[in-house]
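Notes to accompany the following structure.
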Amino acid sequence: MMHIGDDVQRYRTIWISDIHLGTKACKADFLLDFLRRTDSDTLYLVGDIIDGWRLKRHWYWPQAHNDVIQKLLRKARKGTRVVYLPGNHDEGARQFIGLTFGGVEVREDCIHTTADGRRLLVIHGDQFDVVVRYAKWLAHIGDKAYVMLLACNTLFNELRRRLGFQYWSLSAYLKHKAKTAVEFIGRYEKALSEEARRRGVDGVVCGHVHTAQMMDMSGVLYSNDGDWVESCTALVEHESGELEILRWSATVLKPAVAGDEGERDQDRAAA
């Protein structure tokens with residue numbers, strides 16, 4: 001079992017989103033490695049944690065996905081403030097907004113104040129995606145096409161692994177090369193930044209578009225924590241208030257060490 005120390009990096013705040021548990025594209029092993037090696041005072045789950053859309057069509061729930069849930073609940077039990085802001089793929093959880101389950105607060109959105117005094121709106125962001133809001137049927141069609149792209153990404157990276165190379169997201173690369181995708185993300189970033197400005201805060205932290213980014217948008221800080229199906233990224237706040245995007249796929253995923261199974265069993269027993 002890993003303990004807080006040399007093997008674990010502590011942050012003031014961590015934001016993760018778009019895990020999409022319940023899909024084959026979910027990089028649960030990378031996320032478990034991240035959760036075991038990091039700790040924080042506050043952990044924000046910024047939507048699309050469980051992919052309800054996909055689970056309705058086809059049930060897929062391997063042990064690693066269950067381990068992620070147990071690890072998150074264990075962090076809440078151990079004193080981390082865990083805040084869950086449902087997205088469009090786990091929109092069923094929005095009926096529980098305002099409640100707390102297992103130490104996890106369910107919120108529609110919230111304001112986070114950094115150590116250096118900046119106020120940030122935290123929200124999944126699908127509310128500002130016109131396709132999701134006004135043409136959900138089209139969003140579902142796009143989701144199916146995205147599943148096919150992620151399947152190609154999985155096969156591509158399996159070949160890279162066998163050749164001794166690290167994980168690299170082919171799907172993210174192709175998406176960023178597509179002009180329409182770039183234009184959509186640009187409009188999304190502008191809409192979220194304008195919402196932050198309208199609410200009188202200093203910036204916004206969101207997810208939804210699976211594109212990790214941190215930049216100034218005419219005086220408003222736009223931060224997207226990315227995803228765990230393509231890029232394996234998280235946004236973190238250091239004790240000073242400085243924000244940083246961590247790209248976990250750039251690390252070498254270590255094999256399970258002695259004691260990891262004990263921690264897993266402990267998580268299950270305490271659930």
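See the values below:
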quantity: Spatial separation of Cα centroids for the stretch 214-244 and the stretch 9-48, in angstrom; calculated: 14 Å
quantity: FRET efficiency for residue 97 and residue 154, using Cβ-Cβ distance with R0 set to 30 Å, rounded to 0.05; calculated: 0.35
quantity: Efficiency of FRET between residue 57 and residue 187 - r from beta-carbon atoms, R0 25 angstrom, step 0.05; calculated: 0.30
quantity: Ascending count of other beta-carbon atoms within 10 Å, so fewest first, for 122, 68; calculated: 68, 122
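Bear in mind that the values in this text are calculations on the coordinates, not laboratory data. What you see is a predicted model; the values in this text were computed from it and never measured. We place every Cβ from the backbone using ideal geometry, glycine too, and count neighbours over all the protein chains shown.
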